[in-house]
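Rule-based calculations on the coordinates, nothing more; no lab input. What you see is a predicted model, and the numbers here were worked out from it, not measured in a lab. Cβ placement follows ideal geometry from the backbone for every residue including glycine, while neighbour counts extend to all protein chains displayed.
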Amino acid sequence: MFLGGGRVTGALAAGLRLAGDQRRILVYDRHPGKMRALRRESRVEIADELSSAVAQADMLVIAVRPASVQEMLSEVFGCGAAAPRLCVSLAAGIPLRNLRAWLGNTVWWVRAMPSPVCRIGRGLTGICYDRGVSGHDRERVRELFARVGEVIEISEKEFDPFTATYSSSHGYDALAALAAAAQRAGLGNKKAFIAAAHALCDGIAYWRESGKALDDLLHEAATPGGIAAATMAAMDRAGYGRVIATGLDAGIRQARQNAGGRH
């Protein structure tokens with residue numbers, strides 16, 4: 001059962017249905033009117049009341065914005081129905097200790113960070129578990145997210161760097177920047193996006209499938225004295241690596257602000 005019917009819930013529900021998963025998906029949102037499209041797209045059930053939704057849940061997935069998590073859990077705590085033993089938070093930056101404090105000690109927590117790309121079954125989900133989560137419940141959570149893409153287990157101290165690093169926004173931003181630069185250099189709009197998309201996607205696919213070291217592939221692709229080598233060297237001199245590091249630092253700071261800065 002999902003608390004919150006926003007974009008992440010929509011992506012997960014669509015990905016599950018695409019994978020042939022026919023499980024019942026119950027969603028509660030404070031604004032049920034906005035979920036008509038979600039119901040049409042992914043055959044979810046819309047819960048009208050929080051208490052009845054919580055009472056029916058065998059796994060509770062918290063899918064609201066980080067700033068709304070404490071208020072939502074307070075509503076769950078006071079709704080008159082006992083929360084299920086297993087709860088999963090999709091909120092970036094909210095640590096396990098906060099989740100335990102806000103909903104009481106009868107619940108075991110899992111933190112999960114899925115990608116919107118799970119909508120097409122190609123996502124990546126990072127997971128970390130509260131110490132008390134049983135092996136059976138760990139497998140239940142892992143199986144859920146494995147239906148919509150790859151799953152990687154990480155420690156909680158790795159969660160913020162993971163969240164800032166793996167976002168599909170990196171790919172979109174790189175695609176937009178590379179295509180824009182290609183257009184300024186004289187390549188037509190459509191051709192610029194095709195060339196940029198292949199540069200990013202094909203190279204990464206080859207790295208994943210070939211098993212070769214990244215340094216070896218860089219050497220193979222950027223022949224000394226060639227166009228690619230000159231391009232990469234100029235980007236490095238311009239501070240490409242520093243820009244990426246600055247962006248990740250900003251994302252991690254935001255995650256810690258979500259938790260009140262207490263990591």
Once you order the gyration tensor axes a ≥ b ≥ c over the Cα atoms, which shape class does region 185-237 get: rounded for a/c under 1.5, otherwise prolate or oblate by comparing a/b with b/c? oblate
Can you bin region 67-121 into rounded, prolate or oblate? Criterion: square roots of the alpha carbon gyration tensor eigenvalues sorted a ≥ b ≥ c, rounded for a/c under 1.5, prolate for a/b above b/c, oblate for the rest. prolate
Could you work out Rg/(2.2 N^0.38 Å) for region 47-149, with Rg from alpha carbons only? 1.05
³J(HN,Hα) across region 178-195 via Karplus (A = 6.51, B = -1.76, C = 1.60, θ = phi - 60°), whole Hz, x for Gly/Pro? 5, 5, 5, 5, 5, 5, 5, 7, x, 8, x, 4, 5, 5, 5, 5, 5, 4
So for the chain, averaging the separation of alpha carbon pairs under 8 Å that are six or more residues apart and normalising by length, what relative contact order in percent results? 16
Region 145-206: GluC sites (Glu not before Pro) in DSSP coil with no more than 14 other Cβ atoms inside 10 Å: none
